[in-house]
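Colleague: Structure below; questions to follow.
Every number in this text was worked out from the coordinates using simple rules, so none of it is lab data. All figures in this text were calculated on a predicted structure; none of them were measured in a lab. Cβ coordinates were reconstructed from backbone atoms using ideal geometry, including for glycine residues, and neighbour counts include every protein chain displayed.
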Amino acid sequence: MMKLHNFFRSGTSHRLRIALNLKGIGYDYVPVDLRTEEHLGAAFKAINPQQLVPALVDGDLTMIQTPAIIEWLEERHPTPPLLPSDPDDRARVRALAAIVGCDIHPINNRRILEYLRKRLGQDETAVQAWCATWIEAGFAALESLVAADTRRGRFCFGDAPGLADVYLIPQVESARRFKVDLSPYPNIVAIDSACAELDAFRLAEPARQPDAPA
């Protein structure tokens with residue numbers, strides 16, 4: 001059984017839980033409490049020298065960085081696929097995922113927000129405005145791209161959930177937590193609703209994890 005070292009509210013942990021669920025892969029849930037900075041301790045540093053969640057352990061293999069882990073899952077467990085078979089379509093799906101994974105999430109994750117709070121002295125209003133700025137910029141682009149796709153079904157691409165949805169849904173959850181108005185993004189909201197009907201997404205929700213507050 002694989003071991004997933006993660007934190008219930010971490011967006012990267014959330015996306016990896018979705019990917020594992022979509023692949024039908026079971027795992028042992030190992031909580032790492034970011035609230036108490038457990039990830040900065042020696043025990044977790046021995047697992048991931050970068051001291052970030054998640055980390056996925058499969059026997060003697062320890063994997064970090066969700067893009068690399070999800071690509072590994074796709075190669076090792078190709079069914080059901082998270083990427084379409086056509087190279088052009090794969091490039092499109094990867095680009096949708098990268099809007100979240102490269103341009104929204106990295107500058108809104110916990111260590112950046114803690115720097116804003118503790119080093120730059122920003123209050124919660126400023127931190128929330130920071131998050132909203134980059135979420136809105138990324139969502140505006142993603143909304144435009146999915147709206148223009150005449151072949152799109154209920155998900156980001158086609159009629160089955162894939163890599164782009166794996167990245168998008170945790171960011172929607174984060175947007176709601178930071179009180180971002182989602183009304184300008186009806187297609188994103190519709191995709192979120194479609195994903196919420198599936199157990200793979202529901203069971204990965206932060207509030208359903210064993211380390212989430214009761």
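Colleague: Under a Cβ-only charge scheme (Lys and Arg +1, Asp and Glu -1), can you give me the dipole magnitude of the chain about the Cα centre, in debye to the nearest 20?
Modeller: Using only the charged Cβ atoms, the result is roughly 380 debye.
Colleague: Now for a separate question. Could you give the length gained by full extension between D211 and D89, i.e. 0.36 nm per residue of separation minus their alpha carbon distance, to one decimal place?
Modeller: That pair, D211 and D89, stretches by 40.2 nm at full extension.
Colleague: Report, by chain and number, residues whose modeled amide H sits under 5 Å from the one on Q122, excluding near sequence neighbours (fewer than 5 apart, same chain).
Modeller: Excluding prolines and chain starts, which carry no amide H, the hits are R117.
Colleague: What is the sum of charges, Lys and Arg at +1 and Asp and Glu at -1, for the other residues whose Cβ falls under 14 Å from the Cβ of C131? Can you show the working numbers first?
Modeller: Numbers: positive: R9, R110, R111, R117, R176, R177, K179; negative: D103, E114, D123, E124, E136, E173, D181.
Local net charge: 0.
Colleague: Same structure, new question: Can you give the local net charge around T12? Use residues other than it whose beta-carbon is closer than 13 angstrom to its beta-carbon, Lys and Arg +1, Asp and Glu -1.
Modeller: +4
Colleague: Test of understanding: extend the Cα→C-beta vector of D159 to 7 Å, then name every residue of the range 54-82 with backbone N under 17 Å from that spot.
Modeller: 81
Colleague: Here's another thing I want to ask about it. Using each residue's phi in the range 138-148, evaluate 6.51 cos²θ - 1.76 cosθ + 1.60 at θ = phi - 60° and report the 3J(HN,Hα) Karplus result to the nearest Hz, with x for Gly and Pro.
Modeller: Result, ordered by residue: x, 5, 4, 5, 5, 4, 5, 5, 6, 5, 7 Hz.
Colleague: Please list, in chain and number order, the residues 5+ apart from M2 or on another chain whose amide H is under 5 Å from its amide H, with Hs placed from the backbone.
Modeller: Distant-sequence amide H within range of M2: D28.
Colleague: Which FRET efficiency value, to the nearest 0.05, is calculated for D33 and A98 with the Förster distance at 45 angstrom and r the Cβ-Cβ distance?
Modeller: Efficiency at R0 = 45 Å is approximately 0.95.
Colleague: Would you work out if the chain is rounded, prolate or oblate? Take a ≥ b ≥ c from the square roots of the eigenvalues of the alpha-carbon gyration tensor; rounded if a/c is under 1.5, else prolate when a/b is larger than b/c, oblate otherwise.
Modeller: oblate
Colleague: All other residues with a Cβ under 10 Å from the Cβ of N187 taken together, and with Lys, Arg as +1 and Asp, Glu as -1, what is their net charge?
Modeller: After counting each charged neighbour, the total is -2.
Colleague: Which of the lysines could be linked to K3 by a straight reach, that is with a Cα gap under 25 Å, when you skip same-chain ones fewer than 8 residues away?
Modeller: List returned: K23, K45.
Colleague: Now a separate question. Trypsin sites (Lys or Arg not before Pro) within the range 1-42: which are DSSP loop residues with at most 16 other Cβ atoms inside 10 Å?
Modeller: Here no loop site has a sparse enough neighbourhood.
Colleague: Right, another one. To the nearest 20 debye, what charge dipole does the range 2-79 have about its Cα centre, counting +1 at the Cβ of each Lys and Arg and -1 at the Cβ of each Asp and Glu? Show your work: numbers first, answer last.
Modeller: Working: 8 positive and 9 negative charges, 45 e Å.
The dipole magnitude comes to about 220 debye.
Colleague: Applying 1/(1 + (r/R0)^6) with R0 = 45 Å to the Cβ-Cβ distance of R151 and A43, what FRET efficiency is obtained, to the nearest 0.05?
Modeller: The formula returns an efficiency of 0.40 here.
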